[in-house]
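Asks: Here you go, one structure.
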Amino acid sequence: MEEKTGCLKANIVAASCYGGAAGGWFGTTHHCLEDLALIRVIPNIKIICPYGERETRLAIDQAINTNSPYYIRLGRNNDYEDFPIQEDHDYYSWYTRGKHDTVCLISSGEVATDFCIKVTQNISGVSHLHLLNSDLNFLNQKLLLFNSISETIIAVEEHRLLGSLASVLATLLPNKKVYGYTVDDKWPIYGGSHYEVLDYLNFSKDSLEAFVKSIKQGG
């Protein structure tokens with residue numbers, strides 16, 4: 001039994017370079033829209049979805065220096081500006097936070113985080129918490145953090161709703177209103193750029209902004 005348990009702690013690192021719909025031009029065979037739901041059920045695995053070069057380097061350092069299996073979800077081609085450096089970085093970053101904010105966006109991954117940054121610049125009363133790690137163990141460890149934020153949470157992730165970050169948080173936080181902003185369940189019928197595919201799947205900065213406004217208005 002010890003041998004089998006030990007196998008689940010091996011430092012095997014898998015990195016995706018086509019996270020979400022980043023392989024847009026190559027069609028649906030190159031889309032990773034259910035990968036996180038499948039990976040999250042593997043015991044002891046750690047999931048990292050970095051944003052920007054600094055977090056990507058942090059993710060790789062974490063993965064090779066920890067005796068655990070890792071899944072690092074990367075995008076392709078896009079370049080994002082790093083978050084301000086935080087000395088006490090604990091695998092999450094507040095991008096914006098207000099004492100009286102009624103809604104908190106929780107983002108994971110590149111495009112989702114980029115959209116959240118832009119939306120919080122346009123809508124007042126909305127906080128944004130970006131997660132570097134999003135595996136089950138990490139999310140369980142951060143329950144005090146999640147319970148300290150707004151009563152209404154919108155989890156934003158370039159993933160289908162089933163098995164998404166939103167579905168996990170809704171289970172962990174039964175006393176909060178948890179909404180998921182994710183891609184649609186339909187499959188794109190053509191190849192296009194990353195953002196063209198996401199637009200087809202109703203995942204865009206504008207649709208997120210409209211969704212946040214409707215939640216704030218009680219929609």
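Asks: Could you check what % of the DSSP bridge pairs in the chain are antiparallel, to the nearest 5? Provide the component values of the computation, followed by the final result.
Replies: Working: 6 of 32 bridges.
Roughly 20 percent of the beta bridges in the chain run antiparallel, per DSSP.
Asks: Choose one of L162, T102, S193: the residue whose Cα lies farthest towards the positive end of the charge dipole of region 91-211 (beta-carbon charges +1 Lys, Arg; -1 Asp, Glu; about the Cα centre).
Replies: T102
Asks: Scan (1) 54, 43, 32; (2) 64, 43, 42; (3) 62, 36, 23 for the value of Cα extents along the principal axes in Å calculated from this model and give just the label.
Replies: (1)
Asks: Tell me, what is the per residue accessible area of the chain in Å², probe radius 1.4 Å?
Replies: Numbers: 10930 Å² over 219 residues.
Heavy-atom accessible area per residue stands at 50 Å².
Asks: Would you mind calculating the relative contact order of region 75-219 from Cα pairs under 8 angstrom and at least 6 residues apart, reporting the percent as a whole number? Numbers along the way, then the final one.
Replies: Details: 211 pairs, mean separation 30.8, N = 145.
RCO, region 75-219: 21 percent.
Asks: Could you tell me what percent of the accessible area of region 65-219 is made up of carbon and sulfur, with a 1.4 Å probe and every protein chain present?
Replies: Details: 3580 of 7400 Å².
Summing carbon and sulfur atoms, their accessible area is 48 percent of the total for region 65-219.
Asks: Turning to a different aspect of this structure: With n ≥ 4 as the cut-off for DSSP H runs, can you work out [θ] at 222 nm for the chain, using -39500 (n - 2.57) per run divided by the number of residues, rounded to the nearest 500?
Replies: Numbers: 9 runs with 75 residues, N = 219.
Using -39500 (n - 2.57) per qualifying helix, the result is -9500 deg cm²/dmol.
Asks: With loop defined by DSSP as not H, G, I, E or B, and exposure as at most 10 other Cβ atoms within 10 Å, which is the longest segment of the chain clear of exposed trypsin sites (Lys or Arg not before Pro)?
Replies: Longest stretch, sites excluded: 1-98.
Asks: Next up: List the chymotrypsin sites (Phe, Trp or Tyr not before Pro) within region 103-190 that DSSP assigns to loop and that have no more than 15 neighbouring Cβ atoms inside 10 Å. Write down the numbers at each step before the final one.
Replies: Numbers: sites: F115, F138, F146, Y179, Y181, Y190; in loops: Y190.
For chymotrypsin sites (Phe, Trp or Tyr not before Pro) across region 103-190 that sit outside H, G, I, E and B with at most 15 neighbouring Cβ atoms in 10 Å, the list reads Y190.
Asks: With respect to the cross-link table entries K186/K213; K176/K205; K177/K213; K142/K177, which display a Cα-Cα separation exceeding 21 Å? If you can, show how the numbers build up before the last one.
Replies: On the way: K186/K213 24 Å; K176/K205 24 Å; K177/K213 15 Å; K142/K177 17 Å.
Exceeds cut-off: K186/K213; K176/K205.
The values are calculated or read from the model by the stated rules, or taken from the named source; none is laboratory data. Since we're looking at a predicted model, the values are computed, not measured. A quick note on method: Cβ atoms are made from the backbone with ideal geometry, for glycine too, and the neighbour counts reach across all protein chains shown. Calculation scope for accessible area: heavy atoms of the full protein, side chains included, ligands and nucleic acids excluded. Shrake-Rupley method; radii C 1.70, N 1.55, O 1.52, S 1.80 Å.
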